[in-house]
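Below is one structure; the comments refer to it alone.
The values are calculated or read from the model by the stated rules, or taken from the named source; none is laboratory data. Since this is a predicted model, take the numbers as computed values, not measurements. Heads up, the Cβs are rebuilt from the backbone with ideal geometry, glycines too, and the neighbour counts pull from every protein chain shown.
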Amino acid sequence: MKLDDIILNILAKRSSAIFANREVLRPDYVPDSLPHREEQIKELTNILAPLLNEERPSNVFIYGLTGTGKTAVTKYVIRKVNEYAGKLKGVSFLYTYINCRHEDTTYRVLRNIAGSLKIKIPFTGLSTAEVFSRVVKAVEIIGKVVVVILDEVDFLVKKQGDDLLYRLTRVNDELSRGKVTVIGITNDVKFMERLDPRVKSSLGEVEIVFPPYDAIQLSDILRERAKLAFKDGVIKDGVIEYCASIAAREHGDARRALDLLRVAGEIAEREGADGVTVEHVKKAREELERDMVVDVIRTMPYHGKLILFTLAVNEGRVESTGELYVKYRELCRKVGLEPVTQRRVSDLISELDMLGIINARIINRGRYGKTRQAALTVSPQTVLKALSGDLRLEEFVKKYWNR
């Protein structure tokens, strides 16, 4: 089909037969109702209530597994408190939300905070100490409480250390008028254990734990979203329950359940179906899992990619780590790269095994000792697809892509 035909076909279907508002199923959508999080909403609202008196609330640390509603609840509560503050005469505060997975350096986080205070900071050129100093001065001049929400804060700390957290949680010692409150959010339940004790005591003034959803709770969440996202009668019997059961087995991840439902709807739409069925959900699951593997591979260290490439071009498996290392060294020679040691390759195999991309099984060969068989858990074509985006490997991937 020609490109013009594809676009004309899309334009003809601009009025979807499936979706009423697909944005409702996006992870960044914050609904007006958050089922089964009433307790956490109440707790966070009580903690932030001093904002309505223009007083600084305690720092808050929120943790729980992925897709348990941490971000949605935090955004929902802070917006509601801000709405009520606006109705009170002379009461106001400022808040800024920063996703540390995207803004993963101290400079970029400070630049975002500065932006919420209407301070212009260049992309580069200043020291972090200077940017921090400007932020502190701005808070002092504004004279209001500033709430800094650091989502996925573990990404920032892993890359940059916890110095910024320490300074933000202690900045009130430098202020006489304005104040700063920090809300930290993480999926890593052991994150607090790795912080400096001084940071831990300051950040964790109050802690809120978000438990995983069960299948029944996930079904309730999906039904509420489905009413807004899909046209009447589109969702067929068993679809909601099937999405919920899959997500419940994967640590009660509501985000996963919503993604499944959205992608299933998109597949039904592409197929021209009159509704979303369980079969569409099964296809959506395969599509999402394939895409997740591709994303993980694309963010791996270069030598990890080379090991995966070596496996992919050898029908997805090798019989021993020694054999894998020989083939890996040969690939390094072809790409003009110095190979790492066999011990490092063994470590990379263990890391790939933990990620679930390969299966490394120890085999006892009697008097010949033990070795590990390594096999891909995904298709070689999926690995090649992921590696095709790496310019250093693109030329080699093309040779094997259509085999």
Practice prompt. Would you mention how many residues in the range 249-275 are crowded, with 21+ Cβ neighbours inside 10 Å, of a type in the set (Gly, Ala, Ser) and at pLDDT 90 or above?
Written response: 5
Worksheet entry | The lone exception for residue 362 - which of (1) more than 26 Å from the chain's Cα centre (by Cα); (2) at pLDDT 85 or above it fails | (2)
Worksheet entry | Lone unmet requirement of (1) touching a Leu at 6+ places or on another chain (Cβ under 7 Å); (2) closer than 20 Å to residue 71 by Cβ; (3) assigned to a helix (DSSP H, G or I) for residue 246 | (2)
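Residue check: is residue 132 within 29 Å of the chain's Cα centre (by Cα), assigned by TED's automatic domain parsing to the domain that holds residue 189, closer than 25 Å to residue 176 by Cβ and touching a residue at least 24 places away in the same chain (Cβ under 8 Å)?
Values: within 29 Å of the chain's Cα centre (by Cα): yes; assigned by TED's automatic domain parsing to the domain that holds residue 189: yes; closer than 25 Å to residue 176 by Cβ: yes; touching a residue at least 24 places away in the same chain (Cβ under 8 Å): yes.
Spelling it out, residue 132 is indeed within 29 Å of the chain's Cα centre (by Cα), assigned by TED's automatic domain parsing to the domain that holds residue 189, closer than 25 Å to residue 176 by Cβ and touching a residue at least 24 places away in the same chain (Cβ under 8 Å).
Kindly establish whether residue 86 is over 18 Å from residue 152 (Cβ atoms) and of a type outside the set (D, E, K, R).
Details: over 18 Å from residue 152 (Cβ atoms): yes; of a type outside the set (D, E, K, R): yes.
In short, yes.
Do the conditions hold for residue 113, that is, is it among the β-branched types (Val, Ile, Thr), crowded, with 17+ Cβ neighbours inside 10 Å, without any contact (Cβ under 8 Å) to a residue 60 or more places away in the chain and part of a helix (DSSP H, G or I)?
Details: among the β-branched types (Val, Ile, Thr): yes; crowded, with 17+ Cβ neighbours inside 10 Å: yes; without any contact (Cβ under 8 Å) to a residue 60 or more places away in the chain: yes; part of a helix (DSSP H, G or I): yes.
For residue 113, the condition - among the β-branched types (Val, Ile, Thr), crowded, with 17+ Cβ neighbours inside 10 Å, without any contact (Cβ under 8 Å) to a residue 60 or more places away in the chain and part of a helix (DSSP H, G or I) - is met.
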Worksheet, complete the sentence: Condition set aliphatic (A, V, I, L, M) and over 23 Å from residue 185 (Cα atoms), scope the range 132-149, selection surrounded by the most Cβ atoms within 10 Å (Cβ to Cβ): answer is 138
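Just to be sure, is residue 178 out of contact with any strand residue (DSSP E or B) (no Cβ under 6 Å at 6 or more places or on another chain), crowded, with 19+ Cβ neighbours inside 10 Å, closer than 24 Å to residue 54 by Cα and at pLDDT below 95? Don't jump to the end; show me each part of the working.
Numbers: out of contact with any strand residue (DSSP E or B) (no Cβ under 6 Å at 6 or more places or on another chain): yes; crowded, with 19+ Cβ neighbours inside 10 Å: yes; closer than 24 Å to residue 54 by Cα: yes; at pLDDT below 95: yes.
Spelling it out, residue 178 is indeed out of contact with any strand residue (DSSP E or B) (no Cβ under 6 Å at 6 or more places or on another chain), crowded, with 19+ Cβ neighbours inside 10 Å, closer than 24 Å to residue 54 by Cα and at pLDDT below 95.
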Discussion item. Quick test for you: out of 339, 301, pick the one residue that is over 16 Å from residue 378 (Cα atoms) and either exposed (fewer than 14 other Cβ atoms within 10 Å of the Cβ) or polar (S, T, N, Q) (or both).
Written reply: 301
Worksheet item: Do any helices (runs of 4 or more DSSP H) lying entirely in the range 295-403 carry at least 2 residues that are β-branched (Val, Ile, Thr), and which ones are they?
Response: 302-312, 321-335, 342-355, 380-387
Practice prompt. For residue 65, indicate whether it is in contact (Cβ under 8 Å) with a residue 60 or more places away in the chain, within 29 Å of residue 222 (Cα to Cα) and buried (at least 20 other Cβ atoms within 10 Å of the Cβ).
Written response: no
Practice prompt. Could you tell me whether the range 37-49 includes any residue that is part of a helix (DSSP H, G or I), buried (at least 20 other Cβ atoms within 10 Å of the Cβ), among the basic types (Lys, Arg) and in the same structural domain as residue 195 (by TED's automatic domain parsing)?
Written response: no
Discussion item. Given the condition in contact with a strand residue (DSSP E or B) (Cβ under 7 Å, 6 or more places away or on another chain), closer than 29 Å to residue 54 by Cβ and at pLDDT below 95, answer yes or no: does some residue in the range 185-198 qualify?
Written reply: yes
Worksheet item: Hey, among the residues in the range 86-101 that are over 16 Å from the mean Cα position of the chain (by Cα) and modelled with pLDDT under 95, which one's surrounded by the fewest Cβ atoms within 10 Å (Cβ to Cβ)?
Response: 89
Practice prompt. Tell me which of these residue 190 doesn't satisfy, since it passes every other one: (1) surrounded by fewer than 21 Cβ atoms within 10 Å (Cβ to Cβ); (2) touching a Leu at 6+ places or on another chain (Cβ under 9 Å); (3) free of Cβ contacts under 8 Å to residues at least 60 places away in the same chain; (4) of a type outside the set (Asp, Glu).
Written response: (2)
Response to the item:
Going through (1) part of a loop (DSSP other than H, G, I, E, B); (2) under 20 Å from the mean Cα position of the chain (by Cα); (3) among the hydrophobic types (A, V, I, L, M, F, W, C) one by one, residue 156 fails only at (1)
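Condition first: closer than 16 Å to residue 353 by Cβ and without any contact (Cβ under 8 Å) to a residue 24 or more places away in the chain. Can you find one or more residues in the range 276-287 that meet it? Reasoning before the result, please.
To start, the set of residues in the range 276-287 that are closer than 16 Å to residue 353 by Cβ comprises none.
Looking for residues that are closer than 16 Å to residue 353 by Cβ and without any contact (Cβ under 8 Å) to a residue 24 or more places away in the chain, one finds none in the range 276-287, hence no.
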Fill in: Selection within the range 168-185 - over 17 Å from residue 116 (Cβ atoms) and either assigned to a helix (DSSP H, G or I) or not assigned by TED's automatic domain parsing to the domain that holds residue 76 (or both)
169, 170, 172, 173, 174
